[in-house]
Amino acid sequence: MTFISTRGYSNPQETFLDVVQMGLAPDGGLFLPKEFPHITLEEIQLLQNLSYQERLFLLLQKFELSLSDEQLIEMIENAYTEFTSEKICPLSPLDEKRYLLELFHGPTASFKDMGLQLTPHFFAASATDPKQKFCIVTATSGDTGIAAIEGFKRIKNMSVFIIYPKDGVSDLQKKQMQSVTDANVKVLGIDGDFDFCQNATKRVFTDPEFTQKIQEHYTTKFAAGNSMNWGRLLPQIGYYFSAYADLLQEKKIAIGEEIEVCVPSGNFGNILGAFIAKTMGLPISKFICASNENNILTEFINTGVYDISTKNLIKTDSPSIDILKSSNIERLLYMLSPHSEEIADLFQSLQTEKRFEISAPIKEEIQKYFIADFCTEKEMQETIQYYHAQHNILLDPHTAVAVCVSRKTDTKNAQQRIIASTAHFNKFIPAIEKALGASLDTISYSNDDHSHLALLSEKENIQTESISASYTELLSEIEKFLVTQQ
Ligand SMILES: *Cc1c(COP(=O)(O)O)cnc(C)c1O
């Protein structure tokens, strides 16, 4: 299987494991397979009676990962051991025709675990030189950080360096990250927003001088743990197939019947996993992209104009989708129209003019599949209130954004709809108590687990460390950390 960068770079010699190690392509673009494997309806039918792990194996096997079947089976077995649900990502009915796909049963209680519990095993398999070290450098708006730490911290020769906007993540997200004490993990707040953090990490990977120095002095290569990395995105295709197989098994749909998915989106990696599943043959008719008040994706999908020149990031109670630059849009554009020069131009113009506009045919192509809308903080809170009052369940704020947008975009002849439930509500207790106007101790609700997270939120505030939004300061912090890893 050959990989290609959205901006044109391709080297047929490079395998899946090379692409995982590289993270970002050398031309600054994002890797995609040149062609996607196909899965037939007969094969989808067969997924029904399998476990999540077996379903994932059958899918990933089609991607020619340059791993033996035994290796891949072992990786998948080891990746999904710390989940609180035997089904890994069960579906639960929400109301007529709507199901929550519960992606939060992993060790850090967000959907990021679905990818990041597996990605580190790809890294481990990719290491050919026993002396070579890797440092995962990742920007997080909340959930990626802890999920990357939990995924990577036990892998030999790996260290993890996380930066986050110091006022842009929830208290509990901060505590989850800062309370990790492993010597190969460093977590640093930045006095800036998520876009600064994400740009800065991208710049580290493509900084020839710095990367060369780090390799020479510390035998260390940088690697990406977020959804810029194909090895992180790939496992995220699996749960959409799995959800479809569950609907089949429960006889909610017939084989071949189309479904819709609705996903609270930030970097667009989760919903792109669903779109790739469709490209491979999963019958999905519509992709509903849900945003909060940071509604850049709504605007882009509805107008074809991506314009951040007049926008400031708004702090909301769904911080993991507080975003202006959504990196996987680049992959979507390439999948719909594989003209890498044009794509390089668009993202160059985003850099310099903070804006780009796609052509009318590509806009139409996007709108054939994608519907986008957003919800306000008040609407998100009302959604939490409504589902607690009517159904006695608590939705996390990100899931509530998706549920709210799903209701807004409902049509009379809507198909069965899967809503990605991307975090456990226990990760966002203050926001939920604000929405309900009551303390969780005083109310009842039926979906209770992950109580260890509730305990963590009661901990005293722990020491947090931060630096200003300066690239040179960041480089010096990274180097200081790598000195401790020798
Ligand atoms: C990361 C995250 C999202 C957004 O996912 P993308 O792949 O970045 O679009 C949504 N909800 C939660 C809880 C998340 O952690």
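The values are calculated or read from the model by the stated rules, or taken from the named source; none is laboratory data. The shown structure was predicted, so the numbers you read here are calculated from the model rather than taken from an experiment. Note that each Cβ is placed from the backbone with ideal geometry, even for glycine, and that neighbours are counted across all protein chains shown. These area figures cover heavy atoms from the full protein model, side chains too; ligands, DNA and RNA do not enter into them. Shrake-Rupley method; radii C 1.70, N 1.55, O 1.52, S 1.80 Å.
Considering only Gly437, Gly168, Ile384, the residue lying farthest towards the positive end of the dipole of the chain is Gly168, judged by Cα position with unit charges set on Cβ. Given the C-alpha centroids of region 316-375 and region 3-17, what is the distance between them in whole angstrom? A separation of 21 Å, based on Cα centres.
How large, in percent, is the carbon and sulfur part of the accessible surface of region 64-174 at a probe radius of 1.4 Å? Mind showing how you got there, number by number?
Working: 1840 of 3880 Å².
Carbon-and-sulfur percentage of accessible area, whole number: 47.
Overall, region 152-281 carries a charge dipole of about 520 debye about its Cα centre when +1 sits on the Cβ of Lys and Arg and -1 on the Cβ of Asp and Glu, all other atoms neutral.
Could you do me a favour and compute the accessible area per residue for region 234-336, 1.4 Å probe, result in Å²?
I get 24 Å² per residue for region 234-336.
Across the accessible surface of region 251-360, with the other protein chains kept in place and a 1.4 Å probe, carbon and sulfur atoms take up 46 percent. The 3J(HN,Hα) values that the Karplus relation (6.51, -1.76, 1.60; θ = phi - 60°) gives for region 432-446 are, in residue order, 6, 5, 4, 5, 8, x, 8, 7, 4, 5, 9, 10, 10, 7, 8 Hz. Gly and Pro appear as x.
Do the sum for the chain: with -39,500 (n - 2.57) for every DSSP H run of n ≥ 4, divided by all residues, what is the mean residue ellipticity at 222 nm, to the nearest 500 deg cm²/dmol?
Values: 22 runs with 214 residues, N = 486.
The per-residue figure over the chain is -13000 deg cm²/dmol.
Computed packing ranks the peptides 137-149, 399-411, 14-26 as 137-149, 399-411, 14-26, most packed first, by mean other Cβ atoms within 10 Å. Dipole of region 276-319 computed with +1 at Lys/Arg Cβ and -1 at Asp/Glu Cβ about the Cα centre; of Ser291, Thr310, Thr279, farthest Cα towards the positive end is Thr279. The charge dipole of the chain, taken about its Cα centre with unit charges on the Cβ atoms of Lys, Arg (+1), Asp and Glu (-1) only, comes to about 180 debye. Other residues lying with their Cβ under 14 Å from the Cβ of Glu353 contribute a combined charge of +1, Lys and Arg counting +1, Asp and Glu -1. By the rule of a C-alpha distance below 14 Å, with chain neighbours fewer than 8 residues away ignored, the aspartates and glutamates paired with Lys186 are Glu150, Glu465, Glu477, Glu479.
In the chain the Cα-Cα distances spread across 10 Å bins starting at 0 as 4, 21, 33, 29, 12, 2, 0 percent of all pairs. The charge dipole of region 206-325, taken about its Cα centre with unit charges on the Cβ atoms of Lys, Arg (+1), Asp and Glu (-1) only, comes to about 180 debye.
Ordered by packing density, taken as the mean number of other Cβ atoms within 10 Å over each peptide's residues, highest first, how do 39-52, 267-280 rank? Write out the running numbers ahead of the final one.
Values: 39-52: 14.9, 267-280: 23.2.
Packing proxy ranking, top to bottom: 267-280, 39-52.
Packing-wise, with mean Cβ within 10 Å as the measure, how do 294-305, 422-433 rank, highest first? Can you show the working numbers first?
Numbers: 294-305: 19.0, 422-433: 23.9.
Ranked from most to least packed, the peptides come out as 422-433, 294-305.
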